[in-house]
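Below is one structure, written out as structure tokens; the observations come after it.
The values are calculated or read from the model by the stated rules, or taken from the named source; none is laboratory data. As the structure is a computational prediction, the values presented were derived from the model and not from experiment. Positions of Cβ are backbone-derived with ideal geometry, glycine not excepted, and every protein chain shown enters the neighbour counts. With ligands, DNA and RNA removed, areas are computed over all heavy atoms of the protein, side chains included. Shrake-Rupley method; radii C 1.70, N 1.55, O 1.52, S 1.80 Å.
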Amino acid sequence: MEKKQFKTESKRLLDLMINSIYTNREIFLRELISNASDALDKRHYLSITDDQHRLNKEDLKIEISIDKENRTLTITDTGIGMTQEELENNLGTIAHSGSLEFKKTLEEAKEIDIIGQFGVGFYSAFMVAKQITVNSKSCHSDQAYRWESTGEDGYVISLSDKFTTGTEIILTLKDNTETENYDEYLETYTLKQLIKKYSDYVRYPIGMMIETSHKKEDSDEVVTALEHQVVNSMVPLWKRSKKDVTEEEYKDFYRSKFFAFDEPAKTIHYSLEGNISYSALLYIPTKAPYNFYSSEYESGLQLYCKGVFIMDKAKDLLPSYFRFVKGLVDSNDLNLNISREILQQDRQMKTMARSIEKKIKSGLEDLLKNEREKYEEFFQSFGLQLKYGLYEDFGSHKDVLQDLVLFKSSLEEKYVTLKEYVERMKENQDLIYYACGQTIEQINQLPQMERLKDKGYEVLYFLDDVDEFATLTLQEYGGKKFKSIAQGDLNLDTEEEKQEIEKKKEENKDLLTSMKDALMGAVTDVRISSRLKTHPVCLVSDEGISLEMEKVLAQNPDNPGIKASRILEINPNHPVFAALQRLQNNEETLKQYTNILYNQALLIEGLTIENPVEYANQICDLMSKLS
Ligand code: ADP
């Protein structure tokens, strides 16, 4: 049989494992047992749904055995097994993205200590084994196959004489060195400890021959005998009572079961009895997986039915805005034979999904209230998803989400909730002010910000494209309307100030009209501004489509030509205004000045100017006149 090489990325991961000096290498056993358990899950499911594969539940098990002489450790399961092709595909390459991410992080971090945080699976066995032999018979095949490898130089697949369905993994342990001792993995005591520590909740019996010694009756003679024992308690973690599970156990489970590499921000564990009874163990992650915001990311909860694994990613159990949640659900009320298609329409699934949503919501609220820092860390990763949620489905998830979103604000440049904002609004304030921009610094420099800050109003920074769309769907919070500082009337002025503006408007009516004409339809109006303090001009838009939205919409080729109605506002207290007044009868220069001011306003808004060359020439022209 020909020797095959590992795929390159697998080979690198393998090298890491082989040469690992990692102290936590004991996790290899957890990984192999967890693979065995998955394989048993698959066979169990098949046995229930397909008459041809019927089986007694008692026949589903894992066996661990040792051979001290040959220094081998064997893990056998009666799971689904692997065909020749599957041996090739599954063990010759890295199967899931978790491993890929692991490799990437390792390369970036250059530290080995994060191995334990990843489900790196099968290959981790090379941390302790110099040779691995896998004998496997798939329940879809009459022939068993053997996969053998010493790591570095590839693997060989040949026929095997294994006659029972399932997989047997034989590890020939590495030779001991002066500093490293691998013999401990040949000690039943150590193995038993490891199984208790990492795999106690595995729902299939993990059996081992264990040496027991007891005194002979009527004599002091001690006899030792080998006795078969089931080492794990088999109670799945989620079926245990909350008070009996430690924080560490929850975390370990999170990482090994869901290939997570962060700390959960919150763990939600509960059982419900009622219309539909189920237990759930849900984790809110802290960090977004690298592919979270891509279509590659698959969301969903693991679904169990009466303890039988049904499927890995039951999408319908999570609303899209909570798609970052990882976890599992185990229900006694679902029909085992249920197919994926029926599951989607199942009434009980829908009921369950609704109650899961509620639990996640209150879990997040709890985190926000009691562990603000953790919540903000969570929000950095997943806030965008929550905000998209507000916008989705015409805002129908408002009640779930509006109190979970955060925005940075001008008060301290910290995150605030809408509730906090509204609660500390100024007495006479009836609008929630926000400003759009790429960065906080950029927004702070907007001409419009000055007067708002002067008047002591807090402004929310809208830094993500979705923000303004989300609030537009919300329209208001706590009876207060959202208001862009670059749109419409900000209602900043006192009665006196208002009258003052009205007066100026009247006095400069002709000037404003001439300016508007000079811009030849580029703006819908030129107005006296009440939102500027030291800056000469700004560009605002009327109610409706804002300039920011225009920018976002322009990125989408399906939305051509949706434009904000632009208004040029001018500061009547700025010296440039006086200059304009003096130019009333000099049409050409007034036109030139107006154009320059309009282009400046565009630039400040981060919009492109139509004719940059003309703009540059106009400025130069002006400069040469002055000097
Ligand atoms: P994973 O994290 O996907 O389990 P592994 O490297 O541990 O990655 O395993 C790769 C794949 O090999 C598994 O997804 C599974 O399909 C298959 N596999 C591993 N061990 C077994 C087993 N004991 N029985 C059946 N299939 C197995």
>> What is the angle, in °, between the Cα long axis of helix 347-370 and the longest principal axis of the Cα atoms in the chain? Nearest 10 is fine, range 0 to 90.
In response: 70 degrees
>> For a 23 Å ceiling on Cα separation, which of these pairs sit above it: Lys426/Lys453; Lys455/Lys483; Lys426/Lys505; Lys42/Lys315; Lys61/Lys257; Lys251/Lys414?
In response: Lys426/Lys505; Lys251/Lys414
>> Per residue of region 393-398, what does 6.51 cos²θ - 1.76 cosθ + 1.60 with θ = phi - 60° give for ³J(HN,Hα)? Whole Hz please, x for Gly and Pro, Karplus curve as stated.
In response: 6, 6, x, 6, 9, 3
>> Please list, in order along region 204-210, the HN-Hα scalar couplings obtained from phi with the Karplus expression 6.51 cos²θ - 1.76 cosθ + 1.60 (θ = phi - 60°), rounded to whole Hz, x for Gly and Pro.
In response: 10, x, 9, x, 8, 7, 10
> Can you give the translational diffusion coefficient of the chain in µm²/s, computed by Stokes-Einstein from the Kirkwood radius over Cα pairs at 25 °C and 0.890 mPa s?
Replying inline: 83 µm²/s
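Kindly flag which residue pairs out of Lys509/Lys563; Lys266/Lys359; Lys197/Lys242; Lys419/Lys480 have an alpha-carbon separation exceeding 19 Å in this structure.
Numbers: Lys509/Lys563 26 Å; Lys266/Lys359 12 Å; Lys197/Lys242 17 Å; Lys419/Lys480 11 Å.
Beyond 19 Å between Cα atoms: Lys509/Lys563.
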> Taking only Cα atoms, what is the 0 to 90° angle, nearest 10, from helix 188-199's long axis to the longest principal axis of the chain?
Replying inline: 30 degrees
> In the chain, with Lys and Arg counted as +1 and Asp and Glu as -1 at Cβ, which of these residues, Leu597, Met234, Tyr375, has the Cα nearest the positive end of the dipole, that is, farthest along it?
Replying inline: Leu597
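Given +1 on the Cβ of Lys and Arg, -1 on the Cβ of Asp and Glu, and no further charges, what dipole in debye does region 497-546 carry about its Cα centre, rounded to the nearest 20? Let's see the in-between values first.
Values: 9 positive and 10 negative charges, 36 e Å.
That gives a dipole near 180 debye.
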> Is the shape of region 416-490 best called rounded, prolate or oblate, per the rule: a/c under 1.5 gives rounded, else a/b larger than b/c gives prolate, else oblate, with a ≥ b ≥ c the square roots of the Cα gyration tensor eigenvalues?
Replying inline: oblate
> Roughly how many whole Å is it from the C-alpha centroid of region 180-205 to that of region 425-462?
Replying inline: 60 Å
> Where Lys and Arg each count +1 and Asp and Glu each count -1, what net charge lies around Leu539 among other residues with Cβ under 12 Å from its Cβ?
Replying inline: -3
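Output the antiparallel fraction of DSSP beta bridges having both residues in region 469-627, as a percent to the nearest 5.
Working: 7 of 12 bridges.
For region 469-627, the DSSP antiparallel bridge percentage is about 60.
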> In degrees, nearest 10, range 0 to 90: what is the angle between the Cα axis of helix 465-474 and the longest Cα principal axis of the chain?
Replying inline: 80 degrees
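So what's the back-of-envelope 222 nm ellipticity for the chain, counting only DSSP H runs of four-plus at -39500 (n - 2.57) apiece and dividing by all residues, rounded to 500? Intermediate values should be presented prior to the final figure.
Values: 20 runs with 235 residues, N = 627.
Rounded to the nearest 500, it is -11500 deg cm²/dmol.
Could you report the chain's accessible area per residue, 1.4 Å probe, as an integer in Å²?
Values: 31090 Å² over 627 residues.
The answer is 50 Å² per residue.
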> Which far-off residues, 5 or more places away or on another chain, put their amide H under 5 Å from the one on Ile268, with H placed in the peptide plane?
Replying inline: Leu282, Tyr283, Ile284
> With each pseudo-label sitting 7 Å past Cα toward Cβ, what's the Ala579-Asp346 distance in nm, one decimal?
Replying inline: 7.4 nm
> Per Stokes-Einstein, at 4 °C and 1.567 mPa s, what whole-number D in µm² s⁻¹ belongs to region 544-601, with the Kirkwood radius over Cα pairs as the hydrodynamic radius?
Replying inline: 95 µm²/s
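Keeping the other protein chains in place, figure out the carbon and sulfur percent of the accessible area of the chain, with a 1.4 Å probe. Could the numbers behind the result be given before it?
Values: 14610 of 31090 Å².
With neighbouring chains kept in place, the figure for the chain is 47 percent.
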> So what does the Cα-only Debye profile of region 207-355 read at q = 0.09, 0.14, 0.16 Å⁻¹, as log10 I(q)/I(0), no solvent term?
Replying inline: -0.40, -0.74, -0.91
> Assuming a viscosity of 0.890 mPa s and a temperature of 25 °C, what translational diffusion coefficient in µm² per second does Stokes-Einstein assign to region 308-450, Rh being the Kirkwood radius over Cα pairs?
Replying inline: 137 µm²/s
> Applying the Karplus parametrisation 6.51 cos²θ - 1.76 cosθ + 1.60 with θ = phi - 60° to the phi angles of region 157-169, what ³J(HN,Hα) value in whole Hz is obtained for each residue in order, glycine and proline being reported as x?
Replying inline: 10, 9, 6, 10, 9, 4, 10, 9, 5, x, 10, 10, 10
>> I'd like the distance between the alpha-carbon centres of region 477-500 and region 281-307, rounded to an integer number of Å.
In response: 44 Å
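Taking every DSSP beta bridge with both residues inside the chain, roughly what % is antiparallel (nearest 5)? Spell out each step's value before the answer.
Details: 72 of 92 bridges.
So the antiparallel bridges amount to about 80 percent of the total.
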>> Using +1 at the C-beta of Lys and Arg and -1 at the C-beta of Asp and Glu, which of Ser158, Tyr321, Val540 has the Cα lying farthest in the positive direction of the dipole of the chain?
In response: Val540
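Let me know the shape class of region 21-87, please: from the alpha-carbon gyration tensor, a ≥ b ≥ c as square roots of the eigenvalues, rounded when a/c is under 1.5, otherwise prolate if a/b is greater than b/c, or oblate. Could the numbers behind the result be given before it?
Details: a/c = 2.35, a/b = 2.01, b/c = 1.17.
It comes out prolate by the Cα gyration axes.
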